[in-house]
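Engineer: One structure follows; several queries about it will come next.
The values are calculated or read from the model by the stated rules, or taken from the named source; none is laboratory data. Only a predicted model underlies this, so the values are computations on that prediction, with no experimental measurement involved. Backbone-built Cβ (ideal geometry, glycine too); neighbour counts: all protein chains shown. Just so you know, the surface numbers come from the protein's heavy atoms only, side chains and all, with ligands and any DNA or RNA stripped out. Shrake-Rupley method; radii C 1.70, N 1.55, O 1.52, S 1.80 Å.
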Amino acid sequence: MTIRIAPSILSADFANLERELGRIATADMVHVDVMDNHFVPNLTIGLPVVTRLQQVSPVPLDVHLMVSDADTNAPKYAETGAASVTFHIEAATDPVATAAAIRSNGARAAVAVKPGTDIAPVLDHLDAYDMVLLMTVEPGFGGQAFMPQVMPKLAAARAAVAASGLDVWLEVDGGIALDTVEEAVSNGADTLVAGSAVYGGDPAERIAGLRAAASRVA
Ligand code: DX5
Ligand code: ZN
């Protein structure tokens with residue numbers, strides 16, 4: 001299984017985002033958390049900033065939208081040239097159509113589920129998605145504790161992907177660090193978001209450490 005590491009710039013210095021992107025050039029993608037203070041109780045950045053990040057980033061953008069009205073908003077982020085756009089199924093009225101709109105704007109289409117959200121509706125339409133994001137914390141903030149109770153859902157998603165024969169990536173986000181990454185990967189995750197665990201130290205060293213730990217069990 002190919003492992004991808006996607007540091008979250010939510011834990012970076014927001015006054016120096018271009019410099020902070022340069023510190024994670026050995027990552028596979030950069031995870032960009034967009035929050036609207038409505039779907040989640042926190043506010044980060046929006047379309048103009050994501051557009052500039054896309055222009056200066058050394059690695060592809062993995063945009064994670066935690067915003068209401070995903071059907072309208074998600075395709076606009078795909079237009080920035082971001083490699084991947086993830087919207088929450090809880091915020092979408094027609095997730096399959098929204099994923100198709102993301103793809104038609106040139107990005108990989110991904111859907112996210114909160115820790116308590118049933119994944120069955122996603123697995124019923126796996127061909128609509130290029131990646132599924134399983135939140136391992138409640139979305140809204142970095143630095144929270146990993147929720148191991150999500151692991152059975154992750155394992156079920158891995159089994160469904162294997163049975164489908166599709167190359168759908170499975171991403172985990174929240175509390176991923178050296179002490180949790182092996183559990184996530186052994187339950188089927190191949191794409192790992194880490195915010196505080198990467199920017200809490202030397203980013204290149206932290207990325208290498210996470211990649212080594214993940215690769216041991218992949
Ligand atoms: C939380 C965000 C995460 C966050 C993860 O809502 O979606 O991407 O940055 O931060 P850590 O890795 O610190 O849990
Ligand atoms: Zn995120």
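Engineer: How large is the accessible surface per residue of region 74-199, computed with a 1.4 Å probe and reported in Å² as a whole number?
Structural biologist: 36
Engineer: A further question on this structure: About its Cα centre, what dipole magnitude does the chain give when the only charges are +1 on Lys and Arg Cβ and -1 on Asp and Glu Cβ, stated in debye to the nearest 20?
Structural biologist: My answer is approximately 360 debye.
Engineer: Express in nm, to one decimal, how much length is gained between residue 104 and residue 117 on full extension, taking 0.36 nm for each residue of separation and deducting their alpha carbon distance.
Structural biologist: The residue 104-residue 117 span can extend by a further 2.0 nm.
Engineer: If you don't mind, there's one more thing I want to ask. Using the charge dipole of the chain (Lys, Arg: +1 at Cβ; Asp, Glu: -1 at Cβ; taken about the Cα centre), state which of 194, 10, 210 has its Cα farthest towards the positive end.
Structural biologist: The Cα lying farthest towards the positive end belongs to 210.
Engineer: For residue 218, what charge total do you get from the other residues with a beta carbon under 13 Å from its beta carbon, if Lys and Arg give +1 and Asp and Glu give -1?
Structural biologist: +1
Engineer: Moving on to the next point. Within the P(r) computed for region 52-197, what percentage of the Cα pairs occupies the region above 26 Å?
Structural biologist: Tail fraction, whole percent: 19.
Engineer: Follow-up question, since we're still on this one. Which percent of the accessible area of the chain is formed by carbon and sulfur heavy atoms (probe 1.4 angstrom)?
Structural biologist: 52
Engineer: Whose amide H sits under 5 Å from the amide H of residue 33, counting only residues 5 or more places off or on another chain, with H placed in the peptide plane?
Structural biologist: Hits under the 5 Å cutoff: 9, 10, 64.
Engineer: Residues with beta-carbon under 11 Å from that of residue 29, excluding residue 29: net charge, scoring Lys, Arg +1 and Asp, Glu -1?
Structural biologist: -1
Engineer: Now for a separate question. Taking a label point 7 Å from the Cα of residue 18 along the Cα→Cβ vector, which residues of region 48-77 have an amide N closer than 15 Å to it?
Structural biologist: So the set is 49-59.
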